[in-house]
1. Based on DSSP, what percent of beta bridges with both residues in the chain are antiparallel, to the nearest 5?
2. Starting at the first residue of region 17-26, write each ³J(HN,Hα) from the Karplus equation 6.51 cos²θ - 1.76 cosθ + 1.60 with θ = phi - 60°, in whole Hz, x for Gly and Pro.
3. With a 1.4 Å probe and all protein chains left in place, how much accessible area per residue does region 1-121 have, in Å²?
4. Note down the magnitude of the dipole of region 109-176 about its Cα centre, charges +1 on Lys and Arg C-beta and -1 on Asp and Glu C-beta and zero elsewhere, to the nearest 20 debye.
5. Subtracting the Cα-Cα distance from 0.36 nm times the residue separation, let me have the gained length for R181 to Q152 in nm, one decimal.
6. Rounded to the nearest 500, what is the 222 nm mean residue ellipticity of the chain from helices alone, with -39500 (n - 2.57) per DSSP H run of 4+ residues and division by all residues?
7. Run the quick spin-label model on K115 and T269: label points 7 Å from Cα toward the beta carbon, then report their separation in nm to one decimal.
8. Given K79/K283; K125/K292; K204/K273; K283/K304; K149/K239, which pairs have Cα atoms separated by over 18 Å?
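The values are calculated or read from the model by the stated rules, or taken from the named source; none is laboratory data. For clarity, every value in this text was computed on a predicted model and none was experimentally measured. No Cβ is skipped: glycine too gets one built from the backbone with ideal geometry, and neighbour counts run over all protein chains shown. Ligands, DNA and RNA are excluded from the accessible area calculation, which covers all protein heavy atoms including side chains. Shrake-Rupley method; radii C 1.70, N 1.55, O 1.52, S 1.80 Å.
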Amino acid sequence: MSEQPILVGVIGGSGLYKLDNLNFIDTVNPETPWGFPSSPIQIAELPSGIRIAFLARHGEFHQHAPSEVPAQANIAALKHIGVQAIVAFSAVGSLQEEIAPGDFVIPSGIIDRTKGIRPSSYFEKVGIVAHAMFGDAFDNNLSEFLAPKVRQVLEAHPEGSVKLHEKKTVVVMEGPAFSTRAESLMYRQIGGDIINMSTIPEAKLAREAELSYALICTSTDYDAWRVSEEPVTVAEVVKTLTKNANISKLITVECLDAVHHAVAEGKITSAAKGGMQYSIITKPEAWPQESKKKLSYILPDYFK
Ligand SMILES: CSC[C@H]1O[C@H](OP(=O)(O)O)[C@H](O)[C@@H]1O
Ligand SMILES: Nc1ncnc2[nH]cnc12
């Protein structure tokens, strides 16, 4: 394993399966109490020598369906190797006219429309109950730190300026089929701006593991609400995926040094950090020994 601290983890979504623009250092594949992550974790070096961790959410070959992504293992593995902040990428559909395919979005809100079939907490079936604070679903400090840096990269893009939208709401649906036109219209009415199938439970688990978590979305289509267009298909999504993935790689090179330093210097203080001690409601004398051992993998300060 790497001698240097790896403070920043990147989760790549559809189209972003490798950071082949960075210097490859090592691969680690930790078996967590929740199993193996979606893909081995790639340790890569930025031009400055700073090291980051990269994990492909759907696996290197996109073999994990959104409902089957081992999100508990993914977040646990990143936390266990020392990561403190996660910058996740996601390909999303647009629910608003002004968010065009090819645009980037850093959301601030989530509407959970998954169906409760994904394990979405580390505090399930362990005899220890915890209710994490999730009003602000992303780490606003990290999102606001990233936004101007991402904007700079997008505006300087050699093929022309790419638009960045901020403070939007992402609807997370179960999938794997895309939404019906009626559902898509409803998501607009309830306040959705963009839609994907992956941010729940990832963001919730990151909060429970006390990690800073921000999402950079790349818009690929107008979903199904727009009557003037055919409903979204994978072929349409794939059209913009490669260009979006290349820009995402550029963002990692240009922005993550600053995130690493800010985390190291305590300038990005996650709202999540220290929060779980106030979220656990079960009395310590009733914590099962085996559960303490399991949870110590992600929260060693509380469970010994
Ligand atoms: C390939 S279209 C649907 C698929 O794309 C998004 O994946 P990710 O969030 O990992 O980039 C969406 O959530 C669906 O899983
Ligand atoms: N329209 C859409 N719905 C859900 N997830 C998506 N990912 C990309 N486009 C999407």
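1. Values: 15 of 44 bridges.
That works out to approximately 35 percent antiparallel.
2. 10, 7, 9, 7, 8, 10, 6, 6, 10, 6
3. Values: 4520 Å² over 121 residues.
Normalised by residue count, the accessible surface of region 1-121 is 37 Å².
4. Working: 9 positive and 9 negative charges, 34 e Å.
Computed about the Cα centre, the dipole is about 160 debye.
5. Details: separation 29, 0.36 × 29 = 10.44 nm, distance 3.52 nm.
Extra length available between R181 and Q152 comes to 6.9 nm.
6. On the way: 6 runs with 83 residues, N = 304.
When only DSSP H runs of four or more count, the value is -9000 deg cm²/dmol.
7. 4.3 nm
8. Numbers: K79/K283 25 Å; K125/K292 12 Å; K204/K273 14 Å; K283/K304 15 Å; K149/K239 26 Å.
Violating the 18 Å limit, Cα to Cα: K79/K283; K149/K239.
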